[in-house]
Amino acid sequence: MIGRGRFVFSSSRDVSPTDGATVLPRRNSFVSSLATGASTMATALFATLFPADCRLCGHPLTNISRLPVCEECLASLTRIEGVQCGICGERLNGPYELSEDEARCELCRRAEPPYAKAAAYGSYESGLRELIHLLKYEQVRPAATVLGRMLGEAIGDLPLSFMRGPVVTVPVPLYAKKLRQRGFNQAELIARAALKLLPGGFELNAQALQRCRETQSQIGLSRHQRRENMRGAFVVATPKEIQGCDVLLVDDVMTTGTTVSECARVLRRAGASKVYVATVARTLKVEMQNAGRAHEEPKIEEEDALAMAAHG
Ligand SMILES: [Zn+2]
Ligand SMILES: [Zn+2]
């Protein structure tokens, strides 16, 4: 039996790049216009036969897509605005006289992270969080394509040089047990989708970094305790493959930065020249606190722990 999940309908249009970082070539020919006509009919037919709702807003979907999210919801997933920390990407509340590259958040001023720079596409909230959850917890794999496009935009913000050869792209690994349960590593799926859209110069390496133990929940842990909790969780299995290379560490979400910092530390110690970080989303704590909503902090911590726990 063909269930609702088999055929879903949504935007046939891609999320448009906001800064022109990644533009996909589009076919425009007689053949494709014929195909468009046929697909319009197919869309109407499928929408009648297999109605489905957008998994983000609940409105009925009208277009065929493997991703059950409507065009409006996808268009609402925009990039982080405002001045961000030049290293970790945390949003800064002005006024700042420094340029964005020089601006530093409180934490990065106190101690520079082991990575050169982290970039994220959007804020880890509402729609973007739900889209990531669709992939991670509901196995909606087509979400990886859209998330990969966003990751590609974030990668475009990094000052990668390619001077030391290909940039070795390393997804944050899952613990083996978690990987078996989920069936895929979302960071790897998203990285693959992003690299397809980017020009050459990147080399995916999903084996170099391994997660060698499970980490306990991060809920209620201080920054120091979180770091201790992560210590020894990752190991570089094949140091030769990263020695002297620039490494691009990729994950779906950056929350407190403890995970990517620990990965970057291990990669650097194994001989990586520089480590850059790109994620689809990032929690922005400064905004929450300064907006007088500090009481929501525990909620972020919980989400943080969820994201950490998702990595085993
Ligand atoms: Zn929607
Ligand atoms: Zn910072």
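Quick note: the coordinates plus some simple rules give every number you see, no bench work behind them. This is a predicted model, so every value here is computed, not measured. Quick reminder, even Gly has a Cβ in these numbers, built from the backbone with ideal geometry, and neighbours come from all protein chains shown.
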For the range 106-309, what D do you get in µm² per second when you plug the Kirkwood radius from alpha-carbon pairs into Stokes-Einstein at 37 °C and 0.692 mPa s?
-> 192 µm²/s
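Using a Förster distance of 45 angstrom, determine the FRET efficiency expected from the C-beta separation of M163 and E138, and round it to 0.05. Before the final figure, lay out each step's value.
Numbers: r = 41 Å, r/R0 = 0.91.
E between M163 and E138, to the nearest 0.05, is 0.65.
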Loop-resident trypsin sites (Lys or Arg not before Pro) in the range 202-260 with no more than 16 other Cβ atoms inside 10 Å, DSSP not H/G/I/E/B, are R213, R231
Rough spin-label spacing in nm, given labels placed 7 Å along Cα→Cβ, for S76 and H224 | 4.2 nm
So what J values fall out for the range 161-170 if you push phi through Karplus, 6.51 cos²θ - 1.76 cosθ + 1.60 with θ = phi - 60°, rounded to Hz, Gly and Pro as x?
-> 9, 6, 5, 9, x, x, 7, 6, 9, 10
Quote the FRET efficiency, to the nearest 0.05, computed for L179 versus A111 with a Förster distance R0 of 30 Å and r equal to the Cβ-Cβ distance.
-> 0.40
Rg and Dmax of the range 192-284, Cα atoms, in Å?
-> 13.9, 42
Consider just the alpha-carbon atoms of the range 188-240 and return their Rg together with their Dmax, both in angstrom.
-> 15.3, 42
Nearest 20 debye, what's the magnitude of the dipole of the range 106-309 about its Cα centre given +1 on Lys and Arg Cβ and -1 on Asp and Glu Cβ?
-> 640 debye
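Restrict the search to the range 145-220; then list the chymotrypsin sites (Phe, Trp or Tyr not before Pro) that DSSP places in a loop and that have at most 14 other Cβ atoms within 10 Å of their Cβ. Let's see the in-between values first.
Numbers: sites: F162, Y175, F184, F202; in loops: F162, F184.
Listed in order of number, the matching sites are F162, F184.
In the range 51-86, what trypsin sites (Lys or Arg not before Pro) fall in a loop by DSSP, with at most 16 other Cβ atoms inside 10 Å?
Numbers: sites: R55, R66, R79; in loops: R55, R66, R79.
Filter output for the range 51-86: R66, R79.
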